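Right, one structure below, let's go through it.
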Amino acid sequence: MTDSRPYNMSLPIVYGGIVNCNFVIKPWICQLLSKILVVLNEKYDRDAFLGCKCVEELVKMGILQLKMLIYSVFEALFEEPQCELKRIQMEDQAPSSSQLVEVNIDVPSTVATVSGSKVCGGAICDFSDSKTNIKDATERSSSMQKLLLAVLLCIIFMAVEVIGGIKANSLAILTDAAHLLSDVAAFAISLFSLWASGWEATPRQSYGFFRIEILGALVSIQLIWLLAGILVYEAILRIINDSGEVNGWLMFTVSAFGLVVNIIMAMMLGHEHGHAHHGGHDDHEHSDHGNSHDHDHDENHHNHHHEHTEEHFHFHGVSVTTHNPLSSEDPKEPLLNHSEAKSVSKATKRNINVHSAYLHVLGDSIQSVGVMVGGAIIWYKPEWKIIDLICTLIFSVIVLATTIKMLRNILEVLMESTPREIDATRLERGLCDLDGVVAIHELHIWAITVGKVLLACHVTITPEANAEYLLDSVIGYIKREYNISHVTIQIERQQ
Amino acid sequence: MADFTVSSEPNGGTGSSFTSAPATQDSFKHRLPDGETQRPWSGRYGIDSGDRRFSFSRNQSFKPHLLRNDSCIGINHPEEEELWEGHGKKEFGGTGNGVRNRSVLYQMASVLLAVRSGNRQVRRLALMISLNVAYSTVELMIGLLTGRVGLVSDSFHLTFGCGLLTFSLFAMTAAHKKPDGIYTYGYKRLEVLAAFTNALFLLFMSFSLAVEALHAFIQDESEHKHYLIVSAVTNLLVNLLGVWFFRNYARVNIAYRKAEDMNCHSICLHVLADSIRSAGLVLASWLLSLGIENAEVLCLGLVSAAVFVVILPLFRATGGVLLQQVPANVPTSAFNKCLRQVTALEDVSEVTRSRFWELVPGRAVGSLSILVKGGGNDHSVLHYVHELYHDLGIQDLTVQTDHV
């Protein structure tokens, strides 16, 4: 078999050096990039050159995304809270650069009246009430738009690469196109799960189809693992076949092109700001203004921090930021200190399907970087071919390590475990402290998907207590303290 | 603590006594007192594993039952019950929070310990995995030394498969752990997850075989990989041994009654698919030697289609359990009938938010919300509803009674 992929992934010792001195390099990179940004800002500060501004914004976005990619890699690998905070700060910088005025309307939660929420028509009614349905729908449609754009972009690039490869008669480019095909597959899976999770509940699926998101993300991650395994296998094959001359320059160019493509896609998937989105949002605006302003009193602290499920409406310079009320991270606010809480809530807010597609793109860019570096080294010194296998292994391990955290989240949801942010012992103790409650048993808290939590328990009350009042107070307590709205309580009287 | 004794059951005798169980926390759960098993000849029907539906003759899906694993008479597996402590209360806090932080090494050690003292299936699976690992290592060494690509690729394929089987083994041993604070429903779901992963891998394999067939179709003859007959035959033999070990599950459509069923079924199908693949390769080599052109394409295509057809029912069933679908063995009409019966009670005005799902095949959980008129006694209504759904097989039910 002739060499199907003449470029190999190489890891120079330099990367090892980077890994070891990341405490030195990270702030250095940050400073360098922010200097570039400052220069760009100063140069194009006038409003007259709208075209320049567009380009400038794109370049800024690209650099920002590169920074964020690097930080995401470090964050996923080393789980340093500093990385996360830095990344979040960078994400904050981007919207503030557009000079928007933020309007935050604090509407008290209408679900405060508990009795109204208990009754819902029909034996099988929708899992979420109408408010969250609309919010889910907007979030879902925005994520779907992003993914659709990413898929289209991927297909276009793939077509370009296939044509170029056939014209240049180079197998390397063709195999890179095949690699892009795997990207398309991952995006297609994410898109399908996003679309399917909006289906209505049926008698056989009493909770609706929210779980499909989780299963789709699981399949997507399995695909990443499979691809990493295939690449390791190919590297070993190449060592055995000893395929002779390797064209370092071709390796370098093809993988550089791949890296640029991946950065563009990360740009689209990772951040809400897209110049292409303006038209799409103008018509959604008015319907969303009325419905999406539901959030707790804690939100005042959040108004500078945009999470990825929020909508930005660029309408005459006024942007309204909304916040997902079904976040279960809010209960942590009184417990943790500010910065930690913000970073925790932000890190888990991205829609899980978009996040898994983002991980796919991240893995690809890591491998592209590796190939670029390898191509450069082989271009410079063509006899160091044996390093390839080691490098492939190391890069594949890095890619797999970035998926571990998400895999853990998925497994926890699938195993019906208590979500991490809810302390079951505290909840039980808090419930027992209520007047008239004797004991709690059969307490089960589980999540149907990331962010939607359910609770079921049996509460034993004293013989003389008022069952109705106690039911209301229990449900109110749980809703207030832990923000769990889908609750089923069985009241039993002690006799 | 609450201690419920009910003198009469509104639906007539149901065969189980709702007495004051020592674990008083389970007030509305039907549990036999500790130590009692239902069928004297199979120790597998303990309290924990077991399908209690078969004790009620009114059950719609009642069938005279012989578990597929009971190929010999009088098998008693007390070690399964004695291995873990008695059925105590779930512990919140304490060990609950420690579970998340256990190191990998500790878990691996516990797995090894469980394998040594595990039941027959676990031991067989461990034996098979070690056989596969040994075989694939040997193949890899020989392939690297002699430079034959086919052997290396085959050994990689086997290694992937071994990894999956190891996950199944881990699931089998870890599934017996008691529920704790974090995993309030226990660890049985791991088996369903392992089955799903196996099914997914097999789907990927069938897809990659189809791609390989396409590849062989496009390429010309000179570049074909000529498969080594020896390695294919050895692979076939090893996998057939595995199929023999799990022969009780060697069917495409199985009614899943316990959590273990899904896991063992997936393992059997995995091994079966591998053996089909090896058989296909042997067949292709033989046909090629006979001079039939495109034999490879045909055989690979056939194998890919066969594996896909075989694995699809398992994939759908495990997917259904993971997607929180309504228990598969209860027809929708039964649910409607129960709903109507509850609504027909004189105190009840409406039933809302009835949701059911299956934790593992054999253990269904549900929640219901009932609107009750006036300030009546909820207790009889609660008891009636619990009994009703218990007959369907839904043991864990939470009923919320809202007063209008």
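Do we have A:T418 as part of a loop (DSSP other than H, G, I, E, B), facing another protein chain (nearest Cβ under 9 Å) and either among the basic types (K, R) or within 23 Å of B:Y185 (Cα to Cα) (or both) here? Yes.
The set of residues from the range A:421-430 being out of contact with any Ser or Thr (no Cβ under 8 Å at 6 or more places or on another chain), at the interface with chain B (Cβ under 7 Å from one of its Cβ atoms) and of a type outside the set (V, I, T) comprises just one member, A:E428. Going through the range B:143-159 one residue at a time, which ones are farther than 14 Å from B:T234 by Cα and of a type in the set (A, V, I, L, M, F, W, C)? B:L144, B:L145, B:V149, B:V152, B:F156 - these are the residues of the range B:143-159 that are farther than 14 Å from B:T234 by Cα and of a type in the set (A, V, I, L, M, F, W, C). When the range A:443-489 is filtered for residues that are within 11 Å of chain B (Cβ to nearest Cβ), more than 30 Å from A:S193 (Cα to Cα) and either among the aliphatic types (A, V, I, L, M) or in contact (Cβ under 8 Å) with a residue 40 or more places away in the chain (or both), the ones remaining, listed by number, are A:L443, A:V459, A:I461, A:A467, A:L471, A:D472, A:V474, A:I475, A:I489. For the range A:461-476, name all the residues that are part of a loop (DSSP other than H, G, I, E, B) and out of contact with any strand residue (DSSP E or B) (no Cβ under 7 Å at 6 or more places or on another chain). Passing the criteria: A:E464, A:A465, A:N466. Restricting to the range B:352-383, what's the tally of residues that are surrounded by 19 or more Cβ atoms within 10 Å (Cβ to Cβ) and either more than 12 Å from chain A (Cβ to nearest Cβ) or among the aliphatic types (A, V, I, L, M) (or both)? The number of residues fulfilling the criteria is 11. A single member of A:A172, A:A185, A:A137 is of a type outside the set (K, R), assigned to a helix (DSSP H, G or I), under 21 Å from the mean Cα position of the chain (by Cα) and at pLDDT below 85, and it is A:A137. I'd like to know if the range A:204-225 contains one or more residues that are of a type in the set (D, E), modelled with pLDDT of 80 or more and farther than 29 Å from A:L66 by Cα. No, there is no match, as no residue in the range A:204-225 is of a type in the set (D, E), modelled with pLDDT of 80 or more and farther than 29 Å from A:L66 by Cα. Out of B:A199, B:A210, B:A175, B:A232, one residue alone is within 30 Å of A:E421 (Cβ to Cβ) and either more than 10 Å from every other protein chain (Cβ to nearest Cβ) or crowded, with 20+ Cβ neighbours inside 10 Å (or both). It is B:A175.
Condition check ((1) under 17 Å from B:S278 (Cβ atoms); (2) over 30 Å from the mean Cα position of the chain (by Cα)) across all residues:
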site: B:V122; (1), (2): no, no
site: B:L125; (1), (2): no, no
site: B:L131; (1), (2): yes, no
site: B:T137; (1), (2): no, no
site: B:L151; (1), (2): yes, yes
site: B:D154; (1), (2): yes, no
site: B:F167; (1), (2): no, no
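Just so you know, in the range B:154-172 the residues that are free of Cβ contacts under 8 Å to residues at least 40 places away in the same chain and among the aromatic types (F, W, Y) include one that is nearest to the other protein chains (Cβ to nearest Cβ), and it is B:F156. Evaluating A:D433 against the criteria (1) more than 12 Å from every other protein chain (Cβ to nearest Cβ); (2) touching a residue at least 24 places away in the same chain (Cβ under 8 Å) leaves one unmet condition, (2). Here B:Q325 qualifies as assigned to a loop (DSSP other than H, G, I, E, B) and either within 11 Å of another protein chain (Cβ to nearest Cβ) or closer than 26 Å to B:N253 by Cβ (or both). Of these, B:N294, B:N263, which one is surrounded by fewer than 18 Cβ atoms within 10 Å (Cβ to Cβ) and in contact (Cβ under 8 Å) with a residue 60 or more places away in the chain? Only one candidate qualifies: B:N294. Which of the residues that make up the range B:384-396 are buried (at least 22 other Cβ atoms within 10 Å of the Cβ) and not in a helix (DSSP H, G or I)? Correct list: B:G393, B:I394.
Residues considered: B:L300, B:L287, B:L272, B:L281. Of these, the only one that is among the hydrophobic types (A, V, I, L, M, F, W, C), over 16 Å from the mean Cα position of the chain (by Cα) and surrounded by fewer than 23 Cβ atoms within 10 Å (Cβ to Cβ) is B:L287. Looking at B:V303, B:V252, B:V230, B:V271, just one residue is part of a helix (DSSP H, G or I), out of contact with any Gly (no Cβ under 7 Å at 6 or more places or on another chain) and more than 15 Å from B:F196 (Cβ to Cβ), and that residue is B:V230.
Of all residues in the range B:316-332, at least one satisfies being basic (K, R), surrounded by fewer than 18 Cβ atoms within 10 Å (Cβ to Cβ) and under 19 Å from the mean Cα position of the chain (by Cα).
Scanning the range B:358-404 for residues that are free of Cβ contacts under 8 Å to residues at least 40 places away in the same chain and among the aliphatic types (A, V, I, L, M), we see that the one that is nearest to B:M262 (Cα to Cα) is B:A364.
The values are calculated or read from the model by the stated rules, or taken from the named source; none is laboratory data. On a predicted model such as this, the values are computed, not experimentally measured, just so you know. Because the Cβ atoms are built from the backbone with ideal geometry, glycine has one as well, and the counts that use them run over all protein chains shown.
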